[in-house]
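Visitor: Below you will find the structure I want to go over with you.
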Amino acid sequence: MKAAVIEEKNNIHLKEVPKPQLKEGEALIKVKYCGICGSDIHVLKGEHPTATFPVIPGHEFVGELVEIKGTGNEEFEIGDYVVAQPFFSCGNCEPCAKGRDNVCQHLCFMGAHTDGGFAEYVKVAVRKMYKIPKDMDLKLAALTEPVAVAVHDVRRSGLRAGETALIIGGGPIGMLIAMVARYAGARRTVISEISDFRRNVAKKFGFDTVNPLDADFDEQISAMTDGKGFDVCFEVSGSKPGVKTAVEKAKITGTVMIIGMTSEPYPVDLSAVFAKELNIQGVRIHSQYNFIGAVELLKNGALNEEFQAMISKVFRIDEVEDAFAFAQVPGDYFKILVEM
Ligand SMILES: [Zn+2]
Ligand SMILES: [Zn+2]
């Protein structure tokens, strides 16, 4: 089969590789679309702390079920369109036993620790696979995984109806969090983002926006929150100023969600954490329950028009190297998909 393989740091090529071999409880998917995620770029640049080479990147895929191994899978038929939570977890360790499979002690994440979806075929765990309707737009279905991240982050934040949210970083994940937070009942959802393009898209969807580089950034935030700050600050930028802002702009008893990937220790003003009795909550990938939440949200369609706006460009499989080159340069786009 054809696959995009990262042989080593900064080296990705389309090449012929053997099709994945299935074990009991696994399924083979013929990939239709796979999205490029920031973490795929981290893997490519050798910045992912635990990725191993060679590896086929990609964990945001949708496709057609072509083979299934094992018994007790009557809900699936060959030819179904499916998505899957893109990791293997043991089901047995303490985090798994708590339903926190996303932080399994033996977590094997597709596209980093094992082969992912930028290939003609990808194998997944049957117990993490979900059917999607035959008439659903498959490009939209390719967003299931990032939407699951947003569902997970909003649910873990404990955000309640009528509360306020600040999202620091208006890329695809930040925007999806804003959409899900508003749907969950946030009365005011503000996106802090330096890109004019991204702020304009956010405004088009009715979100308030701020530019953290504005000289009166603090005054703008203060005016938006009656000087109180936000119930929940979602830090998606993975930047030092972003973390500082999140702690600063969380209201007394507020919550700071740490979502952006950071590769070095960041200084945090712990006296503010103490004085305001803040909750600081890390989040990683998504639990299976929250992945199901994303599947159901996409099937329900309530936010699909907003989600659709996150798909900026679609490359073909033979252009996958160009797609990765494109996605490494910041620009006026959100999500890049590759049609396999
Ligand atoms: Zn991702
Ligand atoms: Zn486990």
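Nothing in this text is a laboratory measurement; each read-out follows from the coordinates by a stated rule. Worth saying up front: this structure is predicted, and the values here are computed from it rather than measured. Cβ: placed from backbone, ideal geometry, glycine included. Neighbour counts: every protein chain shown.
Visitor: Report the charge-dipole magnitude of the range 43-164 in Debye, nearest 20, computed about the Cα centre from +1 at each Lys and Arg Cβ and -1 at each Asp and Glu Cβ. Show your work: numbers first, answer last.
Guide: On the way: 13 positive and 17 negative charges, 92 e Å.
Using Cβ point charges on Lys, Arg, Asp and Glu, the range 43-164 gives about 440 debye.
Visitor: Assuming a strict under-14 Å limit between Cα atoms, what lysine pair count do you get for the range 158-304 once near-sequence pairs (fewer than 8 apart, same chain) are dropped? Provide the component values of the computation, followed by the final result.
Guide: Numbers: LYS228/LYS249; LYS228/LYS251; LYS228/LYS276; LYS249/LYS276; LYS251/LYS276.
Count of close lysine pairs: 5.
Visitor: Once the dipole of the range 150-282 is set up with Lys and Arg at +1 and Asp and Glu at -1 on Cβ about the Cα centre, which of LEU213, ALA150, SER192 lies farthest towards its positive end?
Guide: Toward the positive end, the furthest listed residue is ALA150.
Visitor: Only Cα pairs under 8 Å and at least 6 apart count here; give the relative contact order of the chain as a rounded whole percent.
Guide: Working: 747 pairs, mean separation 61.4, N = 340.
Contact order relative to length: 18 percent.
Visitor: When the chain is treated as a GNM, springs tying every alpha-carbon pair under 10 Å, which of LYS249, LYS204, LYS240 comes out with the largest mean-square fluctuation?
Guide: With Cα springs under 10 Å in the chain, the top fluctuation among LYS249, LYS204, LYS240 is at LYS204.
Visitor: OK, next. Quote the Stokes-Einstein diffusion coefficient, in whole µm² s⁻¹, for the range 202-243, based on the Kirkwood radius over alpha carbon pairs, a temperature of 25 °C and a viscosity of 0.890 mPa s. The partial results should precede the final answer.
Guide: Numbers: Rh = 11.7 Å.
D, rounded to a whole number, is 210 µm²/s.
Visitor: Past the 32 Å Cα-Cα mark, which pairs from LYS15/LYS128; LYS15/LYS313; LYS2/LYS139; LYS45/LYS69?
Guide: Working: LYS15/LYS128 28 Å; LYS15/LYS313 23 Å; LYS2/LYS139 20 Å; LYS45/LYS69 35 Å.
Pairs exceeding 32 Å: LYS45/LYS69.
Visitor: Could you give me the percent of Cα pairs per 20 Å distance bin for the chain, shortest bin first, beginning at zero and ending with the bin that holds the maximum distance?
Guide: Going from the shortest bin to the longest, the percentages are 31, 58, 11, 0.
Visitor: Measure out, as a whole number of angstrom, how far apart the alpha-carbon centroids of the range 1-33 and the range 267-340 sit.
Guide: Between the Cα centre of the range 1-33 and that of the range 267-340, the gap is 22 Å.
Visitor: Let me spell out the model: positive unit charges on the Cβ of Lys and Arg, negative unit charges on the Cβ of Asp and Glu, origin at the Cα centre of the chain. What dipole size does that give, in debye rounded to 20? Mind dumping the intermediate values first?
Guide: Values: 38 positive and 46 negative charges, 115 e Å.
Magnitude of the dipole: close to 560 debye.
Visitor: Would you please classify the overall shape of the range 172-231 from the alpha carbon gyration tensor, given that a ≥ b ≥ c denote the square roots of the eigenvalues, rounded means a/c under 1.5, and beyond that prolate means a/b larger than b/c while oblate covers the rest? Intermediate results must be reported in sequence, preceding the final value.
Guide: Details: a/c = 2.20, a/b = 1.13, b/c = 1.94.
Judged from the Cα gyration tensor, the range 172-231 comes out oblate (a/c at least 1.5, b/c at or above a/b).
Visitor: At each listed q (0.23, 0.29 Å⁻¹), what is the log10 of I(q)/I(0) that the Debye formula gives for the range 63-119 modelled as equal alpha-carbon point scatterers?
Guide: Rounded to two decimals, the profile gives -1.00, -1.05.
Visitor: Now, a different point. Sort HIS152, HIS106, HIS113 so that the residue with the fewest other Cβ atoms within 10 Å of its own Cβ comes first and the one with the most comes last. Numbers along the way, then the final one.
Guide: On the way: HIS152 24, HIS106 12, HIS113 17.
Lowest to highest Cβ neighbour count: HIS106, HIS113, HIS152.
Visitor: Taking the radius of gyration and the Kirkwood hydrodynamic radius from Cα positions alone, what is the Rg/Rh ratio for the range 45-163, to two decimal places?
Guide: Details: Rg = 15.7 Å, Rh = 15.9 Å.
Radius of gyration relative to Kirkwood radius: 0.99.
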